[in-house]
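Trainee: The structure that follows is given in the form of structure tokens.
We did not get these values from a lab; they are worked out from the coordinates using the rules stated. For clarity, every value in this text was computed on a predicted model and none was experimentally measured. Ideal geometry is used to build each Cβ from the backbone, glycine not excepted, and the neighbour counts take in all protein chains shown.
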Amino acid sequence: MSSSSLTLASVADIHAPRFLNAFRSALSKIELDSCVAFIIAGDIVERGKAREARAVFELIKEKFKGPIIAVFGNEDYEEIEDRLKMDNPDIIWLNDEFYDLQVGNITLRIIGSRGVLDNPTPWQRRNIPNIREIYLQRLVKLKTLLRSSPHPTILVTHYSPTYKTLKGEPPRIWPYMGSRRLEKVVEQYKPLIVIHGHAHKSHVERAFIDVVPVYNVSLPAFNKIFLISFKPRKSLLEYF
Ligand SMILES: [Fe+2]
């Protein structure tokens with residue numbers, strides 16, 4: 001990689017305390033000094049256990065002094081979002097929001113969200129009556145955020161923005177794990193990189209939506225922290 005490249009560290013699905021040891025071990029195998037940010041693509045804790053999040057962030061902070069950016073996963077229940085934010089105020093939480101990360105004279109825009117499902121899960125349909133509407137609104141919001149970004153942009157979601165990185169999971173549940181509707185949005189607005197988690201049994205680390213690389217950084221799938229290097233251009237199209 002040339003000197004104009006930047007590197008992000010990223011992982012998802014730590015499900016603390018369930019995979020905390022695997023996370024510790026994965027962290028011990030990498031150097032984070034050259035990374036510009038550490039991004040967690042959701043499911044920091046298991047089944048809403050908010051107090052377990054602190055251990056995850058402490059492990060990262062032992063090795064990395066830069067910004068830590070996180071989105072919520074389905075296991076980081078909506079009811080604990082405020083608690084997670086309050087207990088961990090130095091983390092940059094993105095919930096259908098963006099954060100502009102300044103790296104020297106470069107501004108990187110990170111857009112973060114729990115993401116979108118094409119079909120709500122049976123549990124979601126039973127417990128969240130307007131869940132289809134929520135996903136539709138989120139899809140529109142993400143489209144607006146991507147369209148209006150003036151900077152090189154990284155999209156982070158918990159759910160997958162494509163079915164391509166779900167191979168290894170049973171195909172019949174792909175619509176409950178990701179979104180082809182969001183894939184179309186990514187294809188249209190072409191962020192530099194897309195990062196997601198949630199696909200624990202996937203065997204696809206990276207796929208492409210058109211020219212956009214999509215990384216599935218789920219810890220139980222690959223047992224590693226991803227180090228993703230890229231050139232911070234406004235658009236991938238500038239390569240061509
Ligand atoms: Fe998960």
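Trainee: Please get the size of the charge dipole for the chain, origin at its Cα centre, with Cβ charges of +1 on Lys and Arg and -1 on Asp and Glu, quoted in debye to the nearest 20.
Mentor: On the way: 34 positive and 27 negative charges, 111 e Å.
It works out to roughly 540 debye.
Trainee: Straight-line reach from LYS224: which lysines fall under 25 Å, measuring Cα to Cα and dropping same-chain residues less than 8 apart?
Mentor: By straight Cα distance, LYS224 reaches LYS29, LYS49, LYS61, LYS63, LYS65, LYS164, LYS167, LYS201.
Trainee: What full-extension length gain, to one decimal in nm, is calculated for ASP90 and LYS29 as 0.36 nm per residue of separation minus the Cα-Cα distance?
Mentor: On the way: separation 61, 0.36 × 61 = 21.96 nm, distance 2.48 nm.
So the chain would gain 19.5 nm between ASP90 and LYS29.
Trainee: Taking 7 Å along the Cα-to-C-beta vector as the label spot, tell me the ARG132-VAL211 distance in nanometres, rounded to one decimal.
Mentor: Taking the two extended label points, one gets 3.7 nm.
Trainee: What FRET efficiency would be calculated for the residue pair GLN102, SER4, taking the C-beta separation as r and a Förster radius of 22 Å, to the nearest 0.05?
Mentor: Working: r = 16 Å, r/R0 = 0.73.
That gives a FRET efficiency of 0.85.
Trainee: Let me ask something else about it. I'd like the trypsin sites (Lys or Arg not before Pro) in region 62-143 restricted to DSSP loop residues with at most 14 other Cβ atoms within 10 Å, sorted by number.
Mentor: Working: sites: LYS63, LYS65, ARG83, LYS85, ARG109, ARG114, ARG125, ARG126, ARG132, ARG138, LYS141, LYS143; in loops: LYS65, ARG114.
Hits after loop and neighbour filter: LYS65.
Trainee: For the chain, what does -39500 (n - 2.57) per DSSP helix run (n ≥ 4), summed and divided by total residues, give at 222 nm, in deg cm²/dmol to the nearest 500?
Mentor: On the way: 7 runs with 64 residues, N = 240.
The helix-only estimate for the chain comes to -7500 deg cm²/dmol at 222 nm.
Trainee: Suppose the chain between GLU79 and LYS65 were pulled fully straight at 0.36 nm per residue; how much longer would it get relative to their current alpha carbon spacing?
Mentor: Working: separation 14, 0.36 × 14 = 5.04 nm, distance 2.90 nm.
Using 0.36 nm per residue and subtracting the Cα-Cα distance, I get 2.1 nm.
Trainee: Give a quick list of trypsin sites (Lys or Arg not before Pro) in region 1-62 that DSSP marks as loop, anything other than H, G, I, E or B, with at most 15 other Cβ atoms within 10 Å. Please report the intermediate quantities before stating the final value.
Mentor: Working: sites: ARG18, ARG24, LYS29, ARG47, LYS49, ARG51, ARG54, LYS61; in loops: ARG18, LYS29, ARG47, LYS49.
Sites meeting the loop and neighbour criteria: LYS29, ARG47.
Trainee: Among the chymotrypsin sites (Phe, Trp or Tyr not before Pro) in region 65-132, which ones are in a DSSP loop with at most 16 other Cβ atoms within 10 Å of the Cβ? Mind listing them?
Mentor: Details: sites: PHE72, TYR77, TRP93, PHE98, TYR99, TRP123; in loops: PHE72, TYR77.
Filter output for region 65-132: TYR77.
Trainee: Using the charge dipole of region 24-90 (Lys, Arg: +1 at Cβ; Asp, Glu: -1 at Cβ; taken about the Cα centre), state which of ILE30, GLY48, ALA70 has its Cα farthest towards the positive end.
Mentor: ILE30
Trainee: Please state the shape class of the chain: rounded when a/c is under 1.5, otherwise prolate if a/b exceeds b/c and oblate if not, all from the C-alpha gyration tensor.
Mentor: Details: a/c = 1.40, a/b = 1.06, b/c = 1.32.
In terms of gyration-tensor shape, rounded.
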